[in-house]
Amino acid sequence: MQPKRILITGGCSGLGRALSLAYMEEGHDVTVADIASADHAPAGANHVFYDCATADTGPITKEPSWDIIICNAGISDSTDFLDTDNALDEKIIRTNVLGHIELVRTLLQKDKISPYGSLVFICSATYCLPFSIAVTYGASKAALDGFAFALSPYVRNRNISISRVYPGPIKTPHAEKYYARFNQNKGADPVKVAGEIVKGIRRKKRRIFPDRTGRVFRLLSFFTPSLLDYLMYKKYHS
């Protein structure tokens with residue numbers, strides 16, 4: 001397999017780190033774009049300091065073209081919706097959505113995505129269930145999904161494929177930080193989830209459901225949306 005150049009935002013921790021390691025094991029050249037210091041980057045990966053909240057793409061665009069760009073970085077909050085202030089909402093939307101929109105636009109403007117390259121957006125299984133413990137996070141992931149969907153025909157003439165990924169709960173520092181009192185250390189193994197995502201990207205699948213929970217949520221949202229709404233209410237608010 002020809003080594004590829006891969007950029008992963010939020011690649012120092014959680015699912016992003018698992019994806020970085022999976023690609024490095026295959027012999028690819030991986031760069032992680034993260035606000036964490038280089039000391040936190042997976043051993044063997046390159047590191048670029050990148051804050052989605054400010055979207056300073058300078059360090060990234062100085063690099064050669066990328067074959068795969070994975071938009072993974074994200075933050076959340078599980079404060080009750082009525083107690084959340086606008087500043088936090090704006091930070092979540094800017095980090096999870098606008099930072100990636102600006103990154104992709106700049107890479108396209110500067111012709112930094114290789115022909116037949118792949119843009120990958122780590123959305124969330126929350127797109128198909130009412131995630132009321134983190135309303136703004138759920139909205140941000142739905143917006144990222146919508147952006148990727150709208151962008152697909154725009155990049156078609158550049159032969160760039162787009163994959164949208166919908167993982168369910170994963171055992172990561174992200175989940176521990178934001179949802180510990182709800183998840184109680186439940187969730188999929190990030191290494192296994194990353195492996196399924198890598199397979200889906202290789203096949204250039206448009207939509208990737210890398211774990212069983214995400215696939216179940218998808219079916220429930222399609223066939224019994226009212227039941228899913230009730231189950232989420234019982235789990236988190238009763």
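The figures follow:
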| item | result |
| --- | --- |
| Single residue of segment 64-90 satisfying the filter (in contact with a Ser or Thr (Cβ under 8 Å, 6 or more places away or on another chain) and of a type in the set (Val, Ile, Thr)) that is modelled with the lowest pLDDT | Thr84 |
| Residues located in segment 23-41, provided they are surrounded by fewer than 23 Cβ atoms within 10 Å (Cβ to Cβ), of a type in the set (A, V, I, L, M) and at pLDDT 95 or above | Met24 |
| Given (1) polar (S, T, N, Q); (2) under 30 Å from Met24 (Cα atoms); (3) not in a strand (DSSP E or B), index of the condition Ser163 fails | (3) |
| Residue match in segment 84-103 (condition: outside any helix (DSSP H, G or I) and surrounded by 16 or more Cβ atoms within 10 Å (Cβ to Cβ)) | yes |
| Hey, Ser20 small (Gly, Ala, Ser), out of contact with any His (no Cβ under 7 Å at 6 or more places or on another chain), surrounded by fewer than 21 Cβ atoms within 10 Å (Cβ to Cβ) and touching a residue at least 12 places away in the same chain (Cβ under 8 Å) or not | no |
| Residues of segment 136-167 satisfying the condition of being in contact (Cβ under 8 Å) with a residue 24 or more places away in the chain, of a type in the set (Lys, Arg) and surrounded by fewer than 17 Cβ atoms within 10 Å (Cβ to Cβ) | Arg158 |
| Number of the condition not met by Ile122 [criteria: (1) buried (at least 22 other Cβ atoms within 10 Å of the Cβ); (2) at pLDDT below 95; (3) not small (Gly, Ala, Ser)] | (2) |
| Any chance Val216 is over 17 Å from the mean Cα position of the chain (by Cα), aliphatic (A, V, I, L, M) and assigned to a helix (DSSP H, G or I) | yes |
| Checking Gly74 against (1) of a type outside the set (Ser, Thr, Tyr); (2) more than 30 Å from Tyr230 (Cα to Cα); (3) outside any strand (DSSP E or B), the condition it does not meet | (2) |
| Residue match in segment 168-176 (condition: in a helix (DSSP H, G or I), over 19 Å from the mean Cα position of the chain (by Cα), without any contact (Cβ under 8 Å) to a residue 60 or more places away in the chain and on the phi < 0 side of the Ramachandran plot) | no |
| Failed criterion for Tyr116 (all others in (1) closer than 15 Å to Ile160 by Cα; (2) surrounded by 14 or more Cβ atoms within 10 Å (Cβ to Cβ); (3) aromatic (Phe, Trp, Tyr) hold) | (2) |
| Scan of segment 31-49 for residues that are closer than 23 Å to Ala175 by Cβ, without any contact (Cβ under 8 Å) to a residue 40 or more places away in the chain and either assigned to a loop (DSSP other than H, G, I, E, B) or of a type outside the set (D, E, K, R) (or both), ordered by number | Val32, Ile35, Ala36, Ser37, His40, Ala41, Pro42, Ala45 |
| Number of positions in segment 109-154 that are of a type in the set (Gly, Ala, Ser), farther than 22 Å from Ser221 by Cβ and assigned to a loop (DSSP other than H, G, I, E, B) | 0 |
| Residue pairs meeting the criteria (Cβ under 8 Å; at least 6 apart or on separate chains; first part of a helix (DSSP H, G or I), in segment 187-201; second surrounded by 22 or more Cβ atoms within 10 Å (Cβ to Cβ) and among the basic types (Lys, Arg)) | Pro190/Arg17 |
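The values are calculated or read from the model by the stated rules, or taken from the named source; none is laboratory data. Everything numeric here is computed off the predicted structure, so don't read it as measured data. Please note: Cβ atoms are built from the backbone with ideal geometry, for glycine as well, and neighbour counts cover all protein chains shown.
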